[in-house]
1. With the crude spin-label approximation of a point 7 Å out along Cα→Cβ, what separation in nm comes out for Ala190 versus Arg88?
2. Leaving out ligands, DNA and RNA, what percent of the accessible area of segment 83-124 is carbon and sulfur, probe 1.4 Å?
3. Largest first and in whole Å, give the semi-axes of segment 84-131's equivalent ellipsoid, each being the square root of 5 times a Cα gyration tensor eigenvalue.
4. Given the Cα-Cα distance of Leu174 and Met152 and 0.36 nm per residue of separation, how much length would full extension add, in nm?
5. Through the Karplus equation 6.51 cos²θ - 1.76 cosθ + 1.60, θ set to phi - 60°, convert the phi angles of segment 190-198 into ³J(HN,Hα) values in whole Hz; use x for Gly and Pro.
6. First check a/c for segment 156-198, with a ≥ b ≥ c the square roots of the eigenvalues of its C-alpha gyration tensor; if it is under 1.5, answer rounded, and if not, answer prolate when a/b is larger than b/c or oblate otherwise.
7. Would you kindly derive the ³J(HN,Hα) couplings of segment 88-98 from the backbone phi angles with the Karplus curve 6.51 cos²θ - 1.76 cosθ + 1.60 (θ = phi - 60°), listing them in order in whole Hz, with x for Gly and Pro?
8. Based on the Cβ-Cβ distance of Tyr209 and Ile22, what FRET efficiency does E = 1/(1 + (r/R0)^6) give at R0 = 51 Å, to the nearest 0.05?
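The values are calculated or read from the model by the stated rules, or taken from the named source; none is laboratory data. Computed from a prediction, not measured in an experiment: that's the story for all the values here. When we count neighbours, we look across all protein chains shown, and the Cβ atoms used for this are built from the backbone with ideal geometry, even at glycine. Keep in mind that these areas ignore ligands, DNA and RNA; they rest on the heavy atoms of the full protein, side chains included. Shrake-Rupley method; radii C 1.70, N 1.55, O 1.52, S 1.80 Å.
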Amino acid sequence: MKKAILPTLLLFFITTIASAQIWLELGPKASFGPSGYYNTTLASNEQHDYSLNLAYSYGGTMGLNFGDRHGLNFEVMRATYFQDIVYRPSTNESFRNNLEWEVYDFYGLYRFYPQTGIYLEGGAKYTSITELTQTSGIKPVAVDGEYEDSYMSGVLGLGAFLSGSESMVFKAGLRFEYGLTDFVTPQGVANGYPSIDSNLTDQGNTVPYRISFGLELSFGVGGFAKGACGRRGFMLGTQYR
């Protein structure tokens with residue numbers, strides 16, 4: 001019985017794709033919102049204060065849609081993330097620790113489009129770090145081998161169609177991302193990262209996160225695009241027409 005479930009689901013998926021109208025969307029995207037890393041040990045430690053940092057990103061998106069309900073979205077985004085924490089060993093001392101990392105984010109998402117002018121999405125993000133710097137006060141901190149070169153995150157989101165025509169669609173969305181692996185390497189954990197001024201012997205896991213608001217402008221391309229986009233003459237809150 002269990003062996004028959006996967007082939008049945010695969011057959012259903014293939015049949016759905018084969019019978020659906022397939023069309024492609026391409027366009028630019030930008031997003032911004034709170035980001036950084038979350039460390040349970042530091043967050044619960046009275047000697048550490050977290051700062052809420054905002055990140056921005058920009059890039060492109062490609063949507064492969066199957067009919068009007070289902071789609072696969074692929075995005076490549078350039079982003080810069082920040083995290084500030086302040087370590088206060090005493091009432092007269094404080095150390096500001098800043099971490100900044102520049103990345104390329106690669107998204108693979110499934111999107112579901114109900115007939116309510118919104119969409120729901122879920123999937124994964126692979127982050128490749130191109131540059132990482134850390135400072136304690138104004139002093140640079142050595143980071144070679146202390147942080148991972150890449151990491152994976154789980155992604156959930158929802159969005160809405162703001163406006164559209166036969167040739168393009170303007171969308172806005174809210175997205176939640178949380179790292180699936182430790183941002184700090186075993187070497188970094190042993191050396192006291194990310195809070196390098198702290199006297200804590202074990203700082204636990206450090207997990208990247210992000211909450212973002214995004215805007216994307218999608219243009220219908222391909223042989224079937226005009227027919228599908230032509231059904232999307234709408235404003236926010238209305239159904240497809």
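1. 3.4
2. The C+S portion of the solvent-accessible surface of segment 83-124 is 54 percent.
3. In descending order, the three semi-axes are 40, 17, 7 Å.
4. In short, 6.0 nm is gained.
5. For segment 190-198, the Karplus-derived couplings read 5, 8, x, 8, x, 8, 6, 8, 6 Hz, x marking Gly and Pro.
6. Taking the square roots of the gyration eigenvalues as a ≥ b ≥ c, segment 156-198 is prolate.
7. 10, x, 8, 5, 9, 10, 7, 10, 8, 10, 10
8. 0.90
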